[in-house]
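For reference, the structure discussed in these notes is given below.
Bear in mind that the values in this text are calculations on the coordinates, not laboratory data. Just so it is clear, the structure is predicted and the values come from calculations on it, not from any experiment. Cβ placement follows ideal geometry from the backbone for every residue including glycine, while neighbour counts extend to all protein chains displayed.
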């Protein structure tokens, strides 16, 4: 199996383990635009996963975003 496919499978497994938990996603949208999204991983599909924010908005991300570091996972802030 190619190295890239192994890494993608590891990213899918990591996202699958985080599904249903409260998370903070830090998303680098490029050109110094960084967003902090609070919510839960709602659905895990073959090529993408979706995050449902506390306000009800749904965002989707690919597993390659996780591999490249454009999407990072953190535990919820203790406020």
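Points worth noting:
- For the pair residue 13 and residue 32, label points projected 7 Å from Cα toward Cβ lie 4.0 nm apart.
- Highest mean packing comes first when the peptides 21-32, 57-68 are listed by Cβ atoms within 10 Å, giving 57-68, 21-32.
- Rg/Rg_globular for the chain, with Rg_globular taken as 2.2 N^0.38 Å and Rg from C-alpha atoms: 1.09
- Helical runs assigned H by DSSP (4 residues or longer) give the chain a calculated mean residue ellipticity at 222 nm of -8500 deg cm²/dmol, each run adding -39500 (n - 2.57) before division by the residue total.
- Rounded tilt (10° steps) of 3-18 against the dominant C-alpha axis of the chain: 30
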